[in-house]
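Each remark here refers to the structure printed beneath this line.
The values are calculated or read from the model by the stated rules, or taken from the named source; none is laboratory data. Every value quoted in this text rests on a predicted model; they were computed, and no experiment measured them. Here the Cβ positions follow ideal geometry from the backbone for every residue, glycine too, while neighbour counts run over all protein chains shown.
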Amino acid sequence: MNLAVAVILIVIALAVGVGVGVVAGINIRKNTAEKEIGSAEEEAKKIVADAIKTAEAKKKEYVLEGKDEVHRFRNESEKEIADRRKEVQRQERRIQQKEETLDRKLDNMERKEDKVAKKLKEAETRLEEVETIKKSQFEMLEKISGYTAEQAKTYLLNQLESELVHEKSVKIMEYNEQLKEEADEKARNIISLAIQRLAADQVAEATISVVPLPNDEMKGRIIGREGRNIRAIETLTGVDLIIDDTPEAITLSCFEPVRREVARLALERLISDGRIHPARIEEMVDKAKRDVDATIKHEGERAVLEAGVHNVHPEIVKLLGRLRYRTSYGQNVLNHSLEVSYLAGMMASELGIDPTIAKRAGLLHDIGKSIDHEVEGTHIQIGVDIARKYKESDAVIHAIHAHHGDVEAKTIVACLVQAADALSAARPGARRENVENYVKRLQKLEEVASSFDGVEHTFAIQAGREVRVMVKPEIVNDERMIPLAREICKKIEEELEYPGQIKVNIIRESRASEFAK
């Protein structure tokens, strides 16, 4: 029991000791904290005081800087204002001087106007006097001559017109004779030499090809069961097969000569082989296309070599080869191009200029005809586009563009190609046209010549290369004949299209008839 009480007392003593320690610790910490807070407040007050002092110093510094800046700006502004005031004063002085100058000029102008007005008044007075004298002189002349002023004017104009017509005719004849003496002989010599040195075969091809058959039974085999063979041929080649009553022959019709040649070769090989069915037809058509392409390339290379033209683009060589199967008015275009190349080169040599460009332009002048069935536009424009695409020279492009007169020929090469093209086309037998177009051209030629006053009859002769014009002698005198011939030629050039040239002959005949009784 005593032990338990002792333990309890000990515990109570310990608890009291702990409580006293805790209270003492709290008081110590409180005192320490109060001391630290007091020192922190003093430090804070010190920092605030220092900051206030620094701010005041900065404030004074900034105020001083602001005053300096304002003073500087004020000085600059005053200087600029002074400069502008000086400039304004200078401008005012200049304006004042100009005003004074203008005032002086106005005074001078007014004085001059007064003088001019006086002179005009004097001139009007003198003009009235001149008119009076002129009128009296005219009246005197009318009395002396017996003509009125209008009659005299008409008489003088008629006399002057007749003299001018006569003088014009005489001058034209003189110039014609002079030009003939100086140019005609040389031109004829050059052209004749070029033609004589040219020897090219002429091949005329039509738009159809005829394939011979060994017998008429072959027609049925070509047609095939229910027409399957002929349809296959027409579909693969784009050519129309005409099978009619013509014995042992089939006609191939197509506007495009290359396709017609492919169909001809394929059909001839099918007939020779004897096996005719769609698969064999397709095989033969493919083989014929390869052969024709090879022929085109070979013909193009041959043409380039024969013309002596080098460094031609391979695509242009192929296009030249296609011209072998192209015709114009029955004339083979490849042979025509070679003729033009030869003639242009020969004439260039005769004129003493480099024939290389002339021969190249002559060879390529109709290159557009190789694809004019496939591309829209005239063969001239197509040819120009091709030449530009494959980097031909400007001289060659211009010659192609001008060879039919679509644009003015501005170079000697273009003029030579024009002349050579006309020579090749106008050579007898070179070209042919159908009867209907031929007759229409002759009728139009006679109509153009008959449309002038004083023409009595017209006759187109020499296949339309000459027109003879019979005029009424009482209307067309000798002086009028030469101008009339030139006017007819000009109208023919404007309204007709023709190869070569047309000669206009004016014939004036005076007849006197009487009967002896």
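On the stretch given as the range 253-306, residues that are more than 28 Å from Asn335 (Cβ to Cβ), in contact (Cβ under 8 Å) with a residue 40 or more places away in the chain and acidic (Asp, Glu) total 1. Filtering the range 405-431 to residues that are outside any helix (DSSP H, G or I), modelled with pLDDT under 80 and either in contact with a helix residue (DSSP H, G or I) (Cβ under 9 Å, 6 or more places away or on another chain) or of a type in the set (A, V, I, L, M) (or both) leaves Gly405, Asp406, Arg427, Pro428, Ala430, Arg431. Return yes when Val439 is under 32 Å from the mean Cα position of the chain (by Cα), of a type outside the set (Asp, Glu) and either modelled with pLDDT of 85 or more or closer than 30 Å to Ser337 by Cβ (or both) and no when it is not. In short, no. So, in the range 264-316, of the ones that are of a type in the set (A, V, I, L, M) and surrounded by fewer than 15 Cβ atoms within 10 Å (Cβ to Cβ), which residue ends up nearest to Lys359 (Cα to Cα)? Result: Leu305.
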